[in-house]
Amino acid sequence: MTKAIEKTIPIEKLTPNMTLARDITKPNGDLVFGQKGKLTDSIIVRLRRFGVRKVTVVTGKADEYQDPEYIEKKMKEIEEGLNYRFRKVDHIPLMIELKGILSDHLKGKLLS
Amino acid sequence: MKQDVLARKLDRINDLPSLPSVAFEAMHLLHQPDITIERLISSIQLDQAIVSKILRLVNSAFYGFQGKIGSLSQALVLLGFNTVSNAIVSISILDIFSGVGRDGSFDPRLFWLHAVGTGVVSQVISHQLKYPHVENFFIAGLLHDIGKLAIIMLFPEDFNQILKEVKEKDISIIEGESGVLGLDHTEIGHRLARRWKLPIEIQEAIRFHHCPWKAKENRAMSATVYLSDCLCRALDIGHGGDSLVPEIDAKALTILGIEPLFIAGCLEEIDLEMERAKSFSAVLS
């Protein structure tokens, strides 16, 4: 079993496969992003935009290999499903953002 | 539709069964000094079918004590009063609706999956926001759509027409209900919750889970259920009667004091809790 090691790194070095060691909070203590949240490229961009400078991460294991054709098919299904369910709200900025967050999460789950 | 016709339709709620007294006592125990835990346990034990369902539920993976709880008293010690009380209320209410949908008009399994999902997501959000009594958020999410079940039981032909219109016109179920019945599941569910004397904050969450900014008693609970319902629809957890994700009003996020990014931080926990909640759904269905 891999022993968890915590490390504080600048946000620029944060990558999607990393796992947060603790919640990211505002200076007043309000929660911005929970520790159990899955990091994706767009989440990292959003965290940077939010003004986060440093984060504490734990080391993790590499993703297992999966059949690329299967992954591609499933990715397409995820995208089509979201497009269908969001069909009446896909012009609203907040809903576009939410759809992006869910898409990242569902696709990230497939790869992990 | 005329007001007296609508009022008569709402009065049909009285045709539905009363909430079993054990559920009522369980809910109000904390506020009624004349009801003791001993009295509650002895009244529940008169109904062995309920006892057996409660024990199945508290022994499910959802509560983390698989197969270790042998009696209601033990459940109270291990899980605490609030959790057992909520289990009693859930089982009692769901028992009332146990036959709904058996004619094939709708899929009760998907309905309950959506209900349990909304409960789970409400609990995760309230937990992350460190609200007290997260179990009550679960119950509010679980029961938010009971008005739909009341419609199916009281107005089965109207319900079939609602489903037809939802499909043909690509509208939401709440729009279909208003068009066909002149009432929707939030009004009907609220009337039922009032009749059953559910806690006011849960009555409000049922009434305002499409417009939480109108709630007065516990606006955060209504907003949590509103957001959770939308997220379950977006994540395709169960089925709420139509396939549409509604627009999330930024006012709801303001009530909770969160940014969209907060939602991303809840998704892993939602996945984990939904896995555990499968056992909860299995006991209910």
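Each reported figure results from applying straightforward, stated rules to the coordinates on display, with no laboratory input. These figures come from a predicted structure and were not determined experimentally. Please note: Cβ atoms are built from the backbone with ideal geometry, for glycine as well, and neighbour counts cover all protein chains shown.
Data overview
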quantity	calculated
Extension reserve of the B:A250-B:R56 stretch, reckoned as 0.36 nm per residue once the Cα distance is removed	65.8 nm
For B:S243, A:S112, order by how many other beta-carbon atoms lie within 10 Å, fewest first	A:S112, B:S243
Contact order normalised by residue count of chain B, Cα under 8 Å, 6+ apart, percent	22
Candidates B:I174, B:I206, B:I146, ranked by Gaussian network fluctuation over chain B, Cα under 10 Å, top entry	B:I174
Label-to-label distance, nm, for residues given as A:D23 and A:K109 (7 Å Cα→Cβ offset)	2.3
Listed residues A:L102, A:L94, A:L39, most fluctuating in chain A (Gaussian network, C-alpha, under 10 Å)	A:L94
Average partner coverage of B:250-263, which counts Cβ from other chains inside 10 Å	4
Three-way shape call for region B:72-155 based on the alpha-carbon gyration tensor, with the a/c threshold at 1.5	oblate
Potential lengthening between B:L110 and B:K68 on full extension [0.36 nm per residue; Cα-Cα distance subtracted]	12.2 nm
Overall dimensions of region B:198-285 as given by Cα atoms, namely Rg and Dmax in Å	13.7, 36
Semi-axes of the equivalent ellipsoid for region B:86-211, Cα gyration tensor, largest first, Å	25, 15, 14
Cα gyration tensor shape of region B:1-77, rounded if a/c is under 1.5, else prolate or oblate by comparing a/b with b/c	prolate
Label-point separation in nm, B:Q45 to B:W213, each point 7 Å along Cα→Cβ	5.2
FRET efficiency for B:R8 and B:I200, using Cβ-Cβ distance with R0 set to 35 Å, rounded to 0.05	0.85
Mean separation of Cα contacts under 8 Å (6+ apart) over length of region B:18-119, as relative contact order %	28
Semi-axis lengths, Å, region A:2-112, gyration tensor of Cα atoms, sqrt of 5 times eigenvalues	27, 21, 10
Relative contact order (%) - chain A, alpha-carbon pairs under 8 angstrom, separation at least six	30
Lysines whose Cα lies under 20 Å from that of B:K148, excluding same-chain neighbours fewer than 8 positions away	B:K9, B:K164, B:K167, B:K169, B:K197
Computed log₁₀ I(q)/I(0) - Debye formula, equal Cα scatterers, no solvent, chain B, q 0.16 Å⁻¹	-1.34
When the protein assembly as shown is reduced to its Cα atoms, the Kirkwood hydrodynamic radius in Å	22.5
Structure-based [θ]222 nm, the protein assembly as shown - -39500 (n - 2.57) summed over DSSP H runs of at least 4, per residue, nearest 500	-18500 deg cm²/dmol
Modelled label reach - A:K73, point 7 Å along Cα→Cβ, region A:96-112 residues with backbone N closer than 17 Å	A:110-111
GNM top mover of A:K99, A:K73, A:K36 - chain A, alpha-carbon springs below 10 Å	A:K73
